[in-house]
């Protein structure tokens, strides 16, 4: 019953709804004991030849009244108990989704997407069942069972009642034993479902790669292995679950046997009437639900308890990024300073950045170049506050970025990575995603600045063209330019292009950069690139190697040094003459 204690905060919040629901459950239970008694009276009247049309009409009228009353009472308790359970699911879904939105990059590295989806679906449904079916079975089994047993004692015979309920303790022992085993088995089952869910998500997302490499059959085989493993684990859960009903039926059968033996003896000796025996047997039938409910209750509780623990493990994880409640609410403007003495990723002792320092004045552009893995993207991650633990400071207008509220700080940044995520909606809505109130003119201007406008006009539905999941209907260059337009449409104080021009050709790159220079004369821009042509016109260029700055200066200065920058620029210019640049 630990799950009821864990959900105590919610039951306290919804005590009125649950109180109304339980009250009408009691009324239903009271009304339920009336029909068996009336049926018994009718049988006794028939056996004594005393049944008249008038008496039968009265009994039938009472039965109709009881039936209508039970219908109304069931409607009321259902709307209150199931309604409260739905509110719990809504609260937990909102809480979990909000938690996902607040967590840092480390959280999503540790938890696979499939696992998170399983927690947000199966686990929350299992918890919701506790607040709905769990409360119902718990309250109804006690109320229905209690009122029925009282009716059996008061209206029939206490000795017969004691004999009929002797098997009940066996049910409690069985439920306790199987419930513990189901808790462990269901936790394993949920973990297996998470693995299968994650496999499905990865395969669907990577279908292009799978087909390109001809690994369809291998991926199917891997999927089937995981399915078989999941089935094997679930068989144990189903086996334990399936034991509840047969054992409960056996216990109920024992009650019927005892009742028929002793009840028949009582009837032949005129201790009770034949009508009372029929009423008693009907009351035993009413006990079937409470007895089954106890078995189902332990099932629901153990499933919900395992799921609640899994969800709480996620909710208890904290982000390494602390959003100061009293942080500066105004969007930062002004010069940008980056001064990091030392940074390494969590759980990695290798130094990722060392003594990296630069200053960017308002309206200036900084270029960052270096070989793959040198530390360019790490600089961007620190600027975007994906990690906050480092030695040094990052500031805007002489204020540490950690002093700003996250919402205020991040909204001032337009970030475009090399592989941008596009939503499966229209081009228009993808561009204005950061502000859905933007006009068509705003969107068209951003598309023009990103040199995407002519591509869009050539599409059949133009701006209303659906891009498909993750922009599958667009080319690599189109996706990059759409992402650039999405960043430009908010006119950010700081624009970061993290190798965001790698999929466009030299001509398109030149057009975009010239338009950025014209439009962002008073704004700050950082361009990280693997192609030197992307940063040639920057006010300052820094060359990163093994996490530190090895060269810095403007294009002419770096060319004169004849170092890494000179070598890469010369090499790329030669390659560009030979093959004509990248793709669009």
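Taking the criterion of being over 27 Å from the mean Cα position of the chain (by Cα) and modelled with pLDDT of 80 or more, the only residue of the range 219-249 that qualifies is 221. Return yes or no: is residue 52 farther than 26 Å from residue 150 by Cβ and over 27 Å from the mean Cα position of the chain (by Cα)? Here the answer is yes, as residue 52 does meet what is asked. Can you find even one residue in the range 472-484 that is within 29 Å of residue 206 (Cβ to Cβ), in contact with a strand residue (DSSP E or B) (Cβ under 7 Å, 6 or more places away or on another chain), at pLDDT 85 or above and in a strand (DSSP E or B)? No.
Within the range 372-414, the residues that satisfy the criterion of being in a loop (DSSP other than H, G, I, E, B), touching a helix residue (DSSP H, G or I) at 6+ places or on another chain (Cβ under 8 Å) and within 30 Å of residue 564 (Cα to Cα) are 384, 385, 386, 387, 390.
The condition of being out of contact with any helix residue (DSSP H, G or I) (no Cβ under 7 Å at 6 or more places or on another chain) and in a helix (DSSP H, G or I) holds for only one of 322, 313, that being 313.
Just a yes or no: is a residue in the range 452-460 in contact (Cβ under 8 Å) with a residue 60 or more places away in the chain, within 25 Å of residue 506 (Cβ to Cβ) and in a loop (DSSP other than H, G, I, E, B)?
Looking through the range 452-460, none of the residues is in contact (Cβ under 8 Å) with a residue 60 or more places away in the chain, within 25 Å of residue 506 (Cβ to Cβ) and in a loop (DSSP other than H, G, I, E, B).
Taking the criterion of being within 16 Å of residue 366 (Cβ to Cβ), within 45 Å of the chain's Cα centre (by Cα) and not in a strand (DSSP E or B), the residues of the range 538-561 that qualify are 538, 539.
Picking from residues in the range 335-344 that are surrounded by 15 or more Cβ atoms within 10 Å (Cβ to Cβ) and touching a residue at least 40 places away in the same chain (Cβ under 8 Å), the one that is farthest from residue 548 (Cα to Cα) is 335.
Could you list, in sequence order, the residues of the range 345-361 that are part of a loop (DSSP other than H, G, I, E, B), in contact with a strand residue (DSSP E or B) (Cβ under 8 Å, 6 or more places away or on another chain) and buried (at least 16 other Cβ atoms within 10 Å of the Cβ)? 352 - this is the single residue of the range 345-361 that is part of a loop (DSSP other than H, G, I, E, B), in contact with a strand residue (DSSP E or B) (Cβ under 8 Å, 6 or more places away or on another chain) and buried (at least 16 other Cβ atoms within 10 Å of the Cβ). Only one entry of 23, 65 meets the criterion of being at pLDDT 90 or above and over 24 Å from residue 278 (Cα atoms), and that entry is 23. Among the candidates 320, 373, 334, the residue that is modelled with pLDDT under 90, out of contact with any strand residue (DSSP E or B) (no Cβ under 9 Å at 6 or more places or on another chain) and not assigned by TED's automatic domain parsing to the domain that holds residue 500 is uniquely 320.
The values are calculated or read from the model by the stated rules, or taken from the named source; none is laboratory data. Here the structure is a predicted model, which is why all the values come from computation and not from measurement. Ideal geometry is used to build each Cβ from the backbone, glycine not excepted, and the neighbour counts take in all protein chains shown.
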